[in-house]
Each structure stands twice: as structure tokens, then as C-alpha cells.
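Undergrad: Supplied in C-alpha cells, the structure appears directly below.
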Amino acid sequence: MAKRVIYADHAATTPLSSAAQTAMQPFLATDFYNPSTKYSAAQTARCAIETARKQIADCIGALREEIYFTSGGTESDNWAIKGTAFRYPNQKKQIITSQIEHHAVLNSCSFLQRMGYQVSYLPVDTAGIVSEETFKKALSSDTILVSIMLANNEIGTIEPIKQLASIAHQNDIPFHTDAVQAVGHISIDVRELGVDLLSASAHKFGGPKGMGFLYVKKGQNLESLLSGGGQEHALRAGTENVAGIVGMAAALVEKSSALSTHTQHLSTIRNSFIAALEQSSLDYRINGANICLPGTISISIRDTSGELLLHRLDLQGIQIATGSACDSKETQLSHVIQALHIPVEYANGTIRVSFGTESSEEDAIAIVHALEKICQRK
Ligand code: PLP
């Protein structure tokens, strides 16, 4: 009999939803046309792109023309940060970000630092929250952009973006948020949040990999990073990934229309996971803030190694992460766990469990039981 696999790594990626698959199918086959061509047969692809743009805009409270298609969260983050910075060449300008951002943000910032820009990496408290006071102190007359993530990919903490963006705007500074882990999982209204730039990635909410979007508030100017044709208002050149675009829109519409059911489902699983942990013999701590993504839980187990737990669970068909997937080749503590100042005897034993649509309470309980057995056997 085939071994039952428990997939609990939805923060790394999610399976392609059936809505996305169905929507993509025609554009992988019969409607293969390049949307930029002039003949009538390409009309279907052109229309599909614009319909998808409107659907995505509606899901986050944006205007259709504020949505730009990209190749994913990494490109969106790079574009928001470098595209803003490149408007101020050869000037000693400052960017403010946090210590717990994804590497797509951190490495975009370090790239700019090498070019002469100043970057302030704000510390977080033990729950991973950027405080308003710390943020206010970092602001200067040279600040040209703030980039703070909406929800952290390792610990699930949701940052107080509305408050931080409002402070940035009082100082006439644009605000970018990496919402890759949040879009499709929590309710998002860009006007309500008050952000100027927002990054998203399709494969985190049931869409295809290599597809994402950047919300650019009307009036917010960005330099283009890709030179070429006139696609995306001549700001992001390259023939559109039509299937990817319609797949992303279908997945987001599906997730957004069932958001409260989705949240309820994940909260129930989360509660079962925590209840099972409380009843277990494990010596653990839960990382992150109370206001967090419902499906993502980071725990640190005393006197063990996250790497060892991951491999032992894998042998049992349970798939989890130690930190973010992009860090999986690194063996040292992730920068996020380091920034939380977790006592070292716990920090080394950190794992991330992230549930999704097809997860169940049984999965959550089975993971805790497996962890308990592994730790007893060590
Ligand atoms: N930002 C965050 C918070 C992420 O979690 C990820 C992916 O894990 C990215 C950016 C990069 O997104 P993508 O995989 O679409 O390039």
C-alpha cells in the first residue's frame, strides 16, 4: 500500500487549484497566440489578460490599471525596490526595510547598498513585529522607500502595515509591502492598507509557479527593469504568460470568494495542532505573534535540530520545512529566527508547519505524534 503523504509546507508552495488548471488549459493549447499580434485570432488571449487583470484588481481593492504582471514574488519585490531607487541615481538616498524580510527584498536592498544607497534594516520584537517607534526613528529626509512585509513566511507574523504606511505617508515616503504570503490567505484592500506597492505570487495561493503581480498605485512612478517591447504599459517588457495570468486570476478569485471558509478551516487545524502540542511531552515554544497567518506555525523544540526533524518526518511521508524554502540549503539558523532572539537551545530545533486547503485536523495531530516519537527516540 502506498505510504500516506502529509503535505504541510504550503508556505513554500501550493498545489495548482482545479479552477486554475481549467482556466489555463485553452491557453496552453488552442489559444496559443501571442496577445500582441494584430490578427483577430489573438483577440481571445488579449481579452483574457485584461479580464484577469480586472479580476485580480477587484480581489485586492485596486484599479485594473494598477496591476502589472510579473514572473513572481521575487521579480515583484526587485521591481518595487530597485524600480523606485533607480529614480534617484547617484544620490545618497535611504531605503528602510526589516531584518526579517524574504531574501528577494533583502538581496535587492544589499544590491542597492553596493551601488551606494543607504539601507536601514529594522529589528523586530520577539514576536517578529516592527514597532512604530523603531520605524519613526529610522526615517530621515533621505528616505525614498519603505519595504516591510505584510506577513512573514517563516513565522506567519502579520505586521502593522496600515499604521506603518500612514507614518511613511505623513513624511511623503512611498510604502511597499511584500504580501506574497498574505494574498489569497487574508483579506486585503490596498486602499485600506494605504500601500503604494504590493507584491504577490501565484503559486502561494493555488496558481501556477513563475507568475505574480505587482500592484502599483496610480501616480506612483517606477523605473522599468526589463527593456524590450511595450507590454504592461511599456514598464515590463516580454510576451505575456497568458496561461499563467489567467491561472493566477482564477486561483485568486476562487480563494477570495471562499476566504472566510478557508480561514475557518485553517484555524480549526491550527487549534488542533496546538492542542496536540499541549498534550504532548514535547518541550517547545511557538514563534510569532498572535496576529498571524492562520495556516503557518513555527515551533522551536528544545535540544534538537530542525534539520534532523525534517528528515525523520520525511521518512514517514510528512513534509514540513525548517525555515523558508529558499533557505533550505543553508544549515545555519535562518535570519528570521536569529532576529527573534530565541534561546539557542530552542532555536536550533525550529520547524515550520504550514497547512492548506487539503490539510486536515488528523494531519495536524499525526505531525505532533510523529514529532513526539522522534524526540523520545533521540
Ligand atoms: N516573498 C516572500 C515573503 C516569500 O515567501 C517568497 C517565496 O517564498 C517570495 C517573496 C518569492 O516569491 P516567488 O517564489 O514567487 O519568487
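The values are calculated or read from the model by the stated rules, or taken from the named source; none is laboratory data. This is a predicted model, so every value here is computed, not measured. For neighbour counting, all protein chains shown are included, and Cβ atoms are generated from backbone atoms with ideal geometry for every residue, glycine included. Please note that ligands, DNA and RNA were not included when accessible areas were found on the heavy atoms of the full protein model with its side chains. Shrake-Rupley method; radii C 1.70, N 1.55, O 1.52, S 1.80 Å.
Undergrad: Which of the residues spanning region 205-233 are part of a loop (DSSP other than H, G, I, E, B), more than 17 Å from D77 (Cβ to Cβ) and either of a type in the set (K, R) or away from the ligand (no atom under 16 Å from the Cβ) (or both)?
TA: Once the filter is applied, which keeps residues that are part of a loop (DSSP other than H, G, I, E, B), more than 17 Å from D77 (Cβ to Cβ) and either of a type in the set (K, R) or away from the ligand (no atom under 16 Å from the Cβ) (or both), region 205-233 yields K218, G219, N221, S227, G228, G229, G230.
Undergrad: Something else: Could you check how many residues of region 123-149 are closer than 13 Å to F175 by Cβ and crowded, with 24+ Cβ neighbours inside 10 Å?
TA: 6
Undergrad: When the residues of region 224-240 are filtered to those that are of a type in the set (G, A, S) and closer than 16 Å to K82 by Cβ, which remaining residue is least open to solvent (accessible area, probe 1.4 Å)? Break it down into steps so the answer makes sense when it comes.
TA: So the first thing to find is which residues in region 224-240 are of a type in the set (G, A, S), and the list is 224, 227-230, 234, 237-238.
Then keep just the ones that are closer than 16 Å to K82 by Cβ; that gives 224, 227, 237.
Numbers: S224: 43, S227: 118, A237: 11 Å².
Of everything passing the filter in region 224-240, A237 is least open to solvent (accessible area, probe 1.4 Å).
Undergrad: Residue pairs, Cβ under 7 Å, 6 or more apart or interchain, first in region 278-294 and closer than 17 Å to I365 by Cβ, second part of a strand (DSSP E or B). List them.
TA: Cβ pairs passing all conditions: L282/I301; Y284/I299; Y284/S300; Y284/I301; I286/I297; I286/I299.
Undergrad: Among the residues that make up region 28-45, is at least one of them more than 16 Å from the ligand (Cβ to nearest atom) and within 30 Å of Q319 (Cβ to Cβ)?
TA: yes
Undergrad: For region 22-70, what are the residues that are surrounded by fewer than 17 Cβ atoms within 10 Å (Cβ to Cβ), in a loop (DSSP other than H, G, I, E, B) and in contact (Cβ under 8 Å) with a residue 24 or more places away in the chain?
TA: Within region 22-70, N34, S36, G61, L63 qualify.
Undergrad: Moving to a separate point now. Would you check which residues across region 103-123 are more than 18 Å from the chain's Cα centre (by Cα) and of a type outside the set (G, A, S) and list them?
TA: If the condition is that a residue be more than 18 Å from the chain's Cα centre (by Cα) and of a type outside the set (G, A, S), then F111, L112, Q113, R114, M115, Y117, Q118, V119, Y121, L122, P123 are the ones that fit.
Undergrad: Separate question: Might you let me know whether region 184-191 holds any residue that is of a type in the set (D, E, K, R) and either open to solvent by less than 10 Å² (accessible area, probe 1.4 Å) or closer than 26 Å to P35 by Cα (or both)?
TA: No - not one qualifying residue is present in region 184-191.
Undergrad: Can G83 be described as touching an Asp or Glu at 6+ places or on another chain (Cβ under 7 Å) and either of a type in the set (S, T, N, Q) or open to solvent by less than 50 Å² (accessible area, probe 1.4 Å) (or both)? Spell out the reasoning first.
TA: Numbers: touching an Asp or Glu at 6+ places or on another chain (Cβ under 7 Å): yes; either of a type in the set (S, T, N, Q) or open to solvent by less than 50 Å² (accessible area, probe 1.4 Å) (or both): yes.
Taking the combined requirement at face value, the residue satisfies it.
Undergrad: Condition check: outside any loop (DSSP other than H, G, I, E, B), surrounded by fewer than 24 Cβ atoms within 10 Å (Cβ to Cβ) and of a type in the set (V, I, T). Does I173 satisfy that?
TA: Details: outside any loop (DSSP other than H, G, I, E, B): no; surrounded by fewer than 24 Cβ atoms within 10 Å (Cβ to Cβ): yes; of a type in the set (V, I, T): yes.
It is false that I173 is outside any loop (DSSP other than H, G, I, E, B), surrounded by fewer than 24 Cβ atoms within 10 Å (Cβ to Cβ) and of a type in the set (V, I, T).
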